[in-house]
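Worksheet for the structure shown next.
Every read-out reported here was derived from the displayed coordinates using simple, explicitly stated rules and does not represent laboratory data. Quick caveat: nothing in here was measured; it's all calculated off a predicted structure. Methodologically, a virtual Cβ is constructed for each residue, glycine included, from the backbone with ideal geometry; neighbour enumeration extends over all protein chains shown.
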């Protein structure tokens, strides 16, 4: 019991232990020592701590699946409850938020099937108000809701942009689905097209919905009891808030024919300020939780993270919109496959009518794609990319 308590204390209160290979090695050794002390008797709390470690340091969806499987085994070992049961339940739901098992995955004691995980994940959510990590779990649930609401709105915005391009006169269009900046005459002529105006209005509405989802998320953070002043809130910096800036572009530039550029390429400081991502405000609100000596490093890290998000989103948008506006044929198929791979790398999932979570990449691929070795391998590798990182 003392060993379990000490390990859990360090995992929760000293998360930096999992930031280095040496620290990870020490934690793994302590977990293995506990397991040796327990002998053949598996302990649900230790299994859940193994989930915690693997969830934090794992780099692939295989690691997420293993973490969820440890949690499932823990819940089956002690159906009457145990100390970390709320955390175990949450890891299963976190995996099911973006589930992926590569074809041919063998099932076993520590490798649960998707069906069995869904059965465990479908059990009613119990009140965890007395659980020490309740506020962290509530934040994760809020991040999950953001992701569920955001992806459909984001895709709808891109579909509306494709519709705008389809209503432009041919001289304004590029062959890759993007449009050049229209001249004054061209813009005037475009403004006379009712269908174009309506398409732009739909795009603005879709982009506004993306911004609304983000603002609702930020309002929700303040409503989580027990989270104020805790460094756990810094997990929100992992979120891909480049979607906010890219949607704000269409709201601020409703007659624009191009996808949003990266912020560094926006010449107007006033416009850049209007497109600023939420993490700018987060730094002002939560930056004091970062120790002074690490503050500059954190700022550089987050600037780099956002720049990477921007690049990934722009590449996906170009491929996704391109396959929508390209005539049926090899060019459209190439862009569709690229969009599928990039969607997988971004971790984009949507809910079907039965509330099952499906990868956007799945909706963009065809059976023929699986017959092409290069495409199949690229997609398989991309699907292993971890998306939303919680807890």
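Numerical summary
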quantity	calculated
Selected from 223, 121, 347 as most flexible by GNM, with the chain as the system and alpha-carbon contacts under 10 Å	223
Fewest-first ranking of 217, 95, using other Cβ atoms within 10 Å as the exposure measure	217, 95
Residue with peak Gaussian network fluctuation, the chain [Cα springs, cutoff 10 Å], from 263, 300, 117	300
Prolate/oblate/rounded call for the stretch 74-152, Cα gyration tensor, a/c under 1.5 rounded	oblate
Residue order, fewest to most surrounding Cβ atoms within 10 angstrom, among 309, 250	309, 250
Degrees, to the nearest 10: 85-97 long Cα axis against longest axis of the chain	30 degrees
For the chain, built as a Gaussian network whose Cα springs stay under 10 Å, the top-fluctuating residue of 225, 277, 267	267
Cα-based shape type of the chain, given that a ≥ b ≥ c are square roots of the gyration tensor eigenvalues and the cut on a/c is 1.5	prolate
Gained length - residue 119 relative to residue 376, 0.36 nm times residue gap less alpha-carbon distance	89.5 nm
222 nm mean residue ellipticity, helices alone, for the chain (DSSP H n ≥ 4; -39,500 (n - 2.57); rounded to 500)	-21000 deg cm²/dmol
Anisotropy class of the stretch 135-325 from Cα gyration tensor, a/c 1.5 cut	prolate
Between the stretch 6-72 and the stretch 255-333, the Cα center-to-center distance that results, in Å	34 Å
Exposure proxy order (Cβ contacts within 10 Å, fewest to most) of 157, 197	197, 157
Relative contact order %, the chain, counting alpha carbon pairs below 8 Å whose residues are six or more apart	16 percent
